[in-house]
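Notes follow the structure.
The values are calculated or read from the model by the stated rules, or taken from the named source; none is laboratory data. Quick caveat: nothing in here was measured; it's all calculated off a predicted structure. Note that each Cβ is placed from the backbone with ideal geometry, even for glycine, and that neighbours are counted across all protein chains shown. Just so you know, the surface numbers come from the protein's heavy atoms only, side chains and all, with ligands and any DNA or RNA stripped out. Shrake-Rupley method; radii C 1.70, N 1.55, O 1.52, S 1.80 Å.
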Amino acid sequence: MITSRIVAKLETQYGAEVSSVYSLLNEAEGRIFHEAAEEKITAAVVILADGSVDKLLDAIELMETDWRDLLIAAELAHADWPSRLDDIFGTS
């Protein structure tokens with residue numbers, strides 16, 4: 001799920017490319033989960049991409065391979081993941 005706080009981060013990181021990045025994420029979620037993914041899965045892709053389109057594509061590929069490995073790589077696999085998201089993306 002691409003929440004407003006994730007969109008805000010994408011806008012900061014990708015600027016003019018944000019609509020393309022948004023589309024890539026939406027398409028990947030639909031292809032893999034057949035619906036919007038949980039926020040922490042989408043956040044994990046954004047965390048690993050860190051503003052790079054190449055890293056974004058790698059993170060999407062990891063999500064396609066095994067989304068649990070994606071969560072581990074982004075350090076969102078443990079019970080403290082909500083506070084990590086708040087630290088990175090803010091609370092709203």
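Filtering the stretch 60-76 to residues that are over 9 Å from ALA44 (Cβ atoms) and assigned to a loop (DSSP other than H, G, I, E, B) leaves only ASP66.
Residues that are more than 16 Å from ALA73 (Cβ to Cβ) number at least 2 in the following helices (runs of 4 or more DSSP H) confined to the stretch 1-55: 4-14, 18-33.
In the stretch 1-55, which residue that is touching a Leu at 6+ places or on another chain (Cβ under 7 Å) and basic (Lys, Arg) is modelled with the lowest pLDDT? Top of the filtered list is LYS40. Of the residues making up the stretch 77-92, those that are open to solvent by 100 Å² or more (accessible area, probe 1.4 Å) and not in a helix (DSSP H, G or I) number 3.
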